[in-house]
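These notes are about the structure you will find just below.
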Amino acid sequence: MTKSLSRNALLDEADGYVTARLAGHWFALPISAVHEVFLLSRITTVPQSPPGIIGVLNLRGRIVTALDTRQILGFPRAEKAPTMAIGIERQNELFGLAVDEMGDVLTSVPSEREPAPMNLDRRWREIVTGVQRSDKHLVLIVAVDRLFDGVTSLVSA
């Protein structure tokens, strides 16, 4: 009986994350920050938009700004155009963060997270709050606010 209570207590402390792969790394965003996951289709390019903005699309009547997450983080463009995006709402605007591949939902207990390794690429180190081991790989836990600092500097440049 004590085991199930302990397990329930651990589950109460658990946080959910949406995982995706980008530039060879798996990363996770808190479910609470994710509006939805969607296909990147029917994108309209915006003339003279800053690098990192793929274009805009209509998602059920809402305008979404599609972002090249690789470019925002300073990685080279993907060989093939991204097809999936993670929707994040910031200041009443919806953004689609293009990713290379969508993963699963990760349940993470704070006691199982580790600090970000010192040898982590600088581009990731600036936005990662920690790492979590999954069954298949190491997942970088990303702070959405830090990620969007890069978006803000991109748009204001």
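The values are calculated or read from the model by the stated rules, or taken from the named source; none is laboratory data. Keep in mind it's a predicted model, so treat the numbers as computed, not measured. No Cβ is skipped: glycine too gets one built from the backbone with ideal geometry, and neighbour counts run over all protein chains shown. Heavy atoms of the whole protein, side chains included, go into the accessibility calculation; ligands, DNA and RNA do not. Shrake-Rupley method; radii C 1.70, N 1.55, O 1.52, S 1.80 Å.
Points worth noting:
- Compared with the dominant Cα axis of the chain, that is its longest principal axis, helix 144-156 is turned about 10°.
- Around Gln91: net Lys/Arg minus Asp/Glu count, Cβ-Cβ under 15 Å: -2
- Surface exposure of the chain, expressed per residue as accessible area with a 1.4 Å probe, stands at 60 Å².
- Projected label distance in nm at Leu39 and Arg133, using a 7 Å step from Cα toward the beta-carbon: 3.8 nm
- Against the chain, whose longest principal axis is taken from its Cα atoms, helix 2-13 shows a tilt of about 20°.
- Near His35, the amide H atoms lying under 5 Å from its own belong to Gly87, Ile88, Glu89; only residues 5 or more places off or on other chains count, and H is placed 1.01 Å from N.
- When the solvent-accessible area of the chain is split by element, carbon and sulfur atoms take up 51 percent of it, the probe being 1.4 Å.
- Most tightly packed first, judged by the mean number of other beta-carbon atoms within 10 Å of their residues, the peptides 110-118, 16-24 read 16-24, 110-118.
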